[in-house]
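All remarks here apply to the structure that follows.
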Amino acid sequence: MFNNLTDKLHDALRKLRGVASLSESNISEAMNDVRTAMLDADVNREVADEFIAEVQKSCLGSDVIRSITPGQMAVKIVNDKLVELMGPAEAPLNFEPQIHPNVAMLVGLHGSGKTTTTAKLALHLSKHGRKPLMTACDVYRPAAIDQLEILGVETGLPVHSQRGNMDICSIANDAIAKARAAGNDYVLLDTAGRLQIDTDMVQELVRLKETVRPQEIILVADAALGQQAVSVAKHFHEALGITGIILTKLDGDARGGAALSIKKVTGCPIKFMGVGEKLDELEVFHPDRMASRILGMGDIVSLVERAAEEMDKEEAKKLQEKLKKNDFDFEDFLSQLRQMSRMGGIESILKLLPGGNKLAGMGELDTSKFKQMEAIICSMTKKERATPEILDMSRRKRIAKGSGTNVEEVSQLIKQFVNMRKMMKSTGMFGKLMSSGTLPSSLGDLGGLAGMGGLGGGMGGFRPSFSRGSNFTPPKKKRKKK
């Protein structure tokens, strides 16, 4: 979402690198570019102007720390102000333990993703020890009830609905009574949306608010709407007093202006963000991590958290032992490929690494090749995966046929795998990573995987044989001695 803004901010702040000191003239020039970048990203004009004024004031009033350059100081100030603009800290979902159950109303315009977000939020709550009950209060769209019930089956979580009952206050009260009897501690009300805010819609929501007295009134806003999303948030806040915001569709082509403006304009925190269509792709909104992503500095903490959620601790322990003994085989490599897929794939992972946005957008990266690698390994027998040394030409032909590839591609994967294993042994890379606790061992070596996927470099400077349009050059035959 922030790719364009990130690139423009990077170019603007680059002008300050190497300057001897921060002056009014060089700061003013750079900040004009930053302001343009923010407006291009659909940031509210007043928010952008106030942000620039605060950054300029801080830059000119700061003593540059001796250990960093003036340019680095400017980046730090911009980062701090971005955190302040969007936060300054994450805002957890309200939960009052003395109330049984807690209630959250999800409101928003039609098409913002309320029903799906209701299920995502319910799944998030269940993963954190809560027992949510989803309630279908969108009585004007029968498909919304069907959708919520289907999502309930997918998540394995209960759904309360009353077809034919048009009184949402009655439905909500029955849901709360049902939750109290069943031991559910959170009731999520999926309310009806409209194409635009109207008086009838607002009054219905006001009545619902007065009836159930919710602990949370959450606006579900489509980030792709840009300034319109900010305007919608302002109207809902004035009518209902929203307590938080969930921004959806941040994985799309939204320019990012809503995320940078909505907190400042409404005073309400962004609590979650939808980063994909899958039900587990709802993340807590961390202003500091988002600021880091915007400035192209990555988000290692989120990457580690994502890995920790997906990794099997016992499997990681076994892998650690195998790595120590240099016994890493194709079976382990296949496990790493699949885990990387569960984490969102190589592009998703790269975007959380410093400078990774540009790598993820490189034309040379062909993510389909990771599926090809998986197909090749799956076409091997267990013995072949455990002992790559036995993979002679006859076996390689059979594997190529079974995986829908050619012998050259199979041979190249085997060669790269052997090189990676040698590099792991010679550098002790994995041992250092695991002992330092920087990353979970089950993350594997992203550099090696990226190299195999066509980024080149990687471990041992692999050739980009898996990049788009590349050709495999077979090794020259050795001349027989006469």
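Considering GLU277, GLU283, the condition of being outside any helix (DSSP H, G or I), more than 22 Å from ARG130 (Cβ to Cβ) and at pLDDT 85 or above is satisfied by GLU277 alone.
Please state which one of ILE377, ILE414, ILE346 is surrounded by 13 or more Cβ atoms within 10 Å (Cβ to Cβ) and modelled with pLDDT under 90.
Numbers: ILE377 fails: modelled with pLDDT under 90; ILE414 fails: modelled with pLDDT under 90.
Answer to the selection: ILE346.
Within segment 246-256, is even one residue basic (Lys, Arg), at pLDDT 85 or above and open to solvent by 60 Å² or more (accessible area, probe 1.4 Å)? No.
For segment 85-128, a tally of residues being without any contact (Cβ under 8 Å) to a residue 24 or more places away in the chain and either of a type in the set (Asp, Glu) or out of contact with any Asp or Glu (no Cβ under 9 Å at 6 or more places or on another chain) (or both) returns 2. When LEU337, LEU352, LEU359 are checked against the criterion of being modelled with pLDDT under 90, among the aliphatic types (A, V, I, L, M) and not in a helix (DSSP H, G or I), a single residue qualifies: LEU352.
Would you check which residues across segment 116-137 are open to solvent by less than 10 Å² (accessible area, probe 1.4 Å) and either assigned to a helix (DSSP H, G or I) or under 18 Å from LEU250 (Cα atoms) (or both) and list them? Result: THR117, THR118, ALA119, LEU121, ALA122.
Could we say that LEU205 is in contact with a Ser or Thr (Cβ under 8 Å, 6 or more places away or on another chain) and within 30 Å of LEU260 (Cβ to Cβ) here? Against the criterion (in contact with a Ser or Thr (Cβ under 8 Å, 6 or more places away or on another chain) and within 30 Å of LEU260 (Cβ to Cβ)), LEU205 qualifies.
Please tell me if TYR186 is of a type in the set (Phe, Trp, Tyr) and modelled with pLDDT of 95 or more.
It is true that TYR186 is of a type in the set (Phe, Trp, Tyr) and modelled with pLDDT of 95 or more.
Only one of the listed residues (LYS271, LYS264) is charged (D, E, K, R), out of contact with any Ser or Thr (no Cβ under 8 Å at 6 or more places or on another chain) and open to solvent by less than 40 Å² (accessible area, probe 1.4 Å). That residue is LYS271.
Of all residues in segment 417-438, which are within 28 Å of ALA375 (Cβ to Cβ) and either part of a loop (DSSP other than H, G, I, E, B) or at pLDDT 70 or above (or both)? So that I can check it myself, show each step before the final result.
Pass one, segment 417-438, residues within 28 Å of ALA375 (Cβ to Cβ): 417-425, 429-430.
If the condition is that a residue be within 28 Å of ALA375 (Cβ to Cβ) and either part of a loop (DSSP other than H, G, I, E, B) or at pLDDT 70 or above (or both), then PHE417, VAL418, ASN419, MET420, ARG421, LYS422, MET423 are the ones that fit.
Output the residues belonging to segment 150-165 that are within 19 Å of ALA104 (Cβ to Cβ) and not in a loop (DSSP other than H, G, I, E, B). Of everything in segment 150-165, those that are within 19 Å of ALA104 (Cβ to Cβ) and not in a loop (DSSP other than H, G, I, E, B) turn out to be LEU151, GLY152, THR155, VAL159, HIS160.
Considering (1) within 15 Å of THR155 (Cβ to Cβ); (2) of a type in the set (D, E, K, R); (3) touching a Phe, Trp or Tyr at 6+ places or on another chain (Cβ under 8 Å), the lone condition that GLU90 does not fulfil carries the number (1).
The values are calculated or read from the model by the stated rules, or taken from the named source; none is laboratory data. Predicted, not measured: the structure shown is a model, and the values here were computed from it. So basically every Cβ, Gly included, is an ideal-geometry build from the backbone, and we count neighbours across all protein chains shown. Surface accessibility is based on the protein's heavy atoms, side chains included, excluding ligands, DNA and RNA. Shrake-Rupley method; radii C 1.70, N 1.55, O 1.52, S 1.80 Å.
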